[in-house]
Amino acid sequence: MTTTGRRALLVAGASAAAAALTGCTSEEAGPRRPDAAEEAAAREAERVARAEAALRRRAVTASRTLLARYDAVLAAHPGLHARVAPLRASAAAHASALGEGDRPTPDTSTGTPDGGTGSAATPAAATAPGAASPSTGTASPAPSIGADSAVPADPAAALRELAAAARAASDAHTAELLAAPPEYARLLASVAAAGAAHAYLLTEGARA
């Protein structure tokens, strides 16, 4: 064998040994595991995401329950359409905004919000949820009127109960403000203010 051939053989053998050594070292080291700080950060991020999702569900449920109550009153008292329908359209737009990913800011006027379609949202649970504690996120009992409650035969009584439902939903949204992320908190505040205005217009406003 020539000198050049022996040199080539030695180089090839050294390369093969280095590759084998590298493979063994990689197998022994294994994939990098996250440290304690990274695991704690991941758990906290997951906790925050779950809490925010639960808050959004409560807000949407409160608005959809109120919307279902509007529908019940309109079905029982068609003669109230001119007075109640504009407020119902606004409530529908609020429920839609609270449930959408882009969460457009609703108009707090008593009519249909700018850009709102006034389309009906999916009816929610029968009983409006209670206000949630900002610190714990746990719902606490709140006076409310369920969407399946019988509508009073007297139109004035029906309006009073609808106003009470609007106030209950407004209070529920207000209770969530401190726990909500900034953008969603602004939306909740706007919807809560509109709900309080609706409650006034359904009762006291009519006598002004």
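Annotation: of all residues in segment 76-87 being in contact (Cβ under 8 Å) with a residue 24 or more places away in the chain and part of a helix (DSSP H, G or I), the one that is nearest to Ala156 (Cα to Cα) is Leu80.
Given the criteria modelled with pLDDT of 95 or more, under 29 Å from Ala156 (Cβ atoms) and either assigned to a loop (DSSP other than H, G, I, E, B) or of a type in the set (A, V, I, L, M) (or both), does Ala72 qualify? In short, yes.
Determine whether Glu46 is farther than 24 Å from Ser170 by Cα, modelled with pLDDT of 90 or more and of a type in the set (Asp, Glu). Yes: the conditions hold for Glu46. Tally the residues that are touching a residue at least 40 places away in the same chain (Cβ under 8 Å) and assigned to a helix (DSSP H, G or I), restricting the search to segment 167-182. Going through segment 167-182 one residue at a time, the tally reaches 10.
The values are calculated or read from the model by the stated rules, or taken from the named source; none is laboratory data. All values derive from a computational prediction rather than experimental measurement. Don't worry about glycine lacking a Cβ; one is built from the backbone with ideal geometry, like all the others, and counts go over all protein chains shown.
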